[in-house]
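What follows is a set of notes on a single structure, which appears directly below.
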């Protein structure tokens, strides 16, 4: 089985083609410079075409699409999931929604095992002083979405996450741009974090694809974004109305 996977929940646009035979994934990504707007709209389909061309595959060779469903930015998720739905319907390809946090956690399994960490804590910077986070048992990250999950995906303040993390096990590894942004807060709770420049902090569609290979497909309309909170525009409107 071949899976075309992509994730646009963060500023990065990441695409990969994975197969169940264990071949080397073909991947491509676009990472905007810090402070620059994401390029999901202009780069996603370009990267998909590039990956398929380099793999020597046509759409008839793709059996399933795996798309990251967040949590993440409202616009990024809308673009990625709308694209996945459209491709799945027009090409009659199976579709699977994959947690962006679980994908991030899967990428850190080897590092967590090397450190002897009991749990992996993927953390994304949600802006407005919050993070998106979840936690999995290190040995069970690659199972079904709920399998081995110690903490369901939540939006919370970093201080609240640090307190929660301290209750998740004796040894925890945190990864993701939220772990970098709030390193000091999380480390005070005894949580380990890899170096700021580590690739483990980046969402990678290869791991989205690997999870999609093990997941059950769904109707295109059933694959929905995992926002966890209202879009920033609605939060700003609520704040204005409450003044």
Before we move on, is residue 174 part of a strand (DSSP E or B), under 30 Å from residue 28 (Cα atoms) and modelled with pLDDT of 95 or more? yes
Taking the conditions exactly as written (closer than 13 Å to residue 206 by Cβ, free of Cβ contacts under 8 Å to residues at least 40 places away in the same chain, out of contact with any strand residue (DSSP E or B) (no Cβ under 8 Å at 6 or more places or on another chain) and surrounded by fewer than 14 Cβ atoms within 10 Å (Cβ to Cβ)), does residue 35 satisfy them or not? no
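Might you let me know whether segment 185-192 holds any residue that is within 15 Å of the chain's Cα centre (by Cα), surrounded by 18 or more Cβ atoms within 10 Å (Cβ to Cβ) and either assigned to a helix (DSSP H, G or I) or modelled with pLDDT under 95 (or both)?
No, the conditions are met nowhere in segment 185-192.
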Report whether or not residue 180 is more than 15 Å from the chain's Cα centre (by Cα) and surrounded by 19 or more Cβ atoms within 10 Å (Cβ to Cβ). yes
Of 35, 80, which residue is closer than 27 Å to residue 124 by Cα and modelled with pLDDT under 95? 35
Filter pass, residue 200 being at pLDDT below 95 and crowded, with 19+ Cβ neighbours inside 10 Å: no
Confirm whether residue 162 is free of Cβ contacts under 8 Å to residues at least 24 places away in the same chain and either surrounded by fewer than 18 Cβ atoms within 10 Å (Cβ to Cβ) or not in a strand (DSSP E or B) (or both). no
Counting only residues that are within 16 Å of the chain's Cα centre (by Cα) and assigned to a loop (DSSP other than H, G, I, E, B), which one in segment 1-21 is surrounded by the most Cβ atoms within 10 Å (Cβ to Cβ)? 8
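The values are calculated or read from the model by the stated rules, or taken from the named source; none is laboratory data. Keep in mind the model is a prediction, meaning the values are calculated, not measured. Positions of Cβ are backbone-derived with ideal geometry, glycine not excepted, and every protein chain shown enters the neighbour counts.
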